[in-house]
Amino acid sequence: MYFPQFLVGMLTTSGVVGAWAYVATGSVWTSVAWAFIAAALLQVGYFALVFKLVYRQQDTKQEAEATTPDATKQPVVPHQPLHRDGR
């Protein structure tokens, strides 16, 4: 999710919550407080989502490095010498 898209959604949601609180309570200050609370909760959720995406990206990099075979980690398998004379 892009930040401008999130910002429009956050402002719209805060406005709806503020209007709903004003209709429910009749107080402008209560509706402003509820709008700020909704905005703060949305910010916390957005931060958690970004943190999760970044953490998952680092986690998948570590998994990819762990599953990639490394030449130094592969066991040495002794091979039979090639006998050209048929023995």
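Restricting to the stretch 21-37, give me the number of residues that are in a helix (DSSP H, G or I) and surrounded by fewer than 17 Cβ atoms within 10 Å (Cβ to Cβ).
Residues meeting the conditions: 10.
Pairs, please: C-beta under 7 Å, at least 6 apart or cross-chain, first residue assigned to a helix (DSSP H, G or I) and in the stretch 1-13, second aromatic (Phe, Trp, Tyr)?
If the second residue must be aromatic (Phe, Trp, Tyr), the pairs left are Phe6/Tyr46.
For the stretch 13-65: of the residues being in contact with a helix residue (DSSP H, G or I) (Cβ under 9 Å, 6 or more places away or on another chain) and among the hydroxyl-bearing types (Ser, Thr, Tyr), which is modelled with the lowest pLDDT?
Here the answer is Tyr46.
The values are calculated or read from the model by the stated rules, or taken from the named source; none is laboratory data. Everything quoted here is computed from the prediction, not taken from an experiment. Here Cβ is always computed from backbone atoms with ideal geometry, including for glycine, and neighbour counts include all displayed protein chains.
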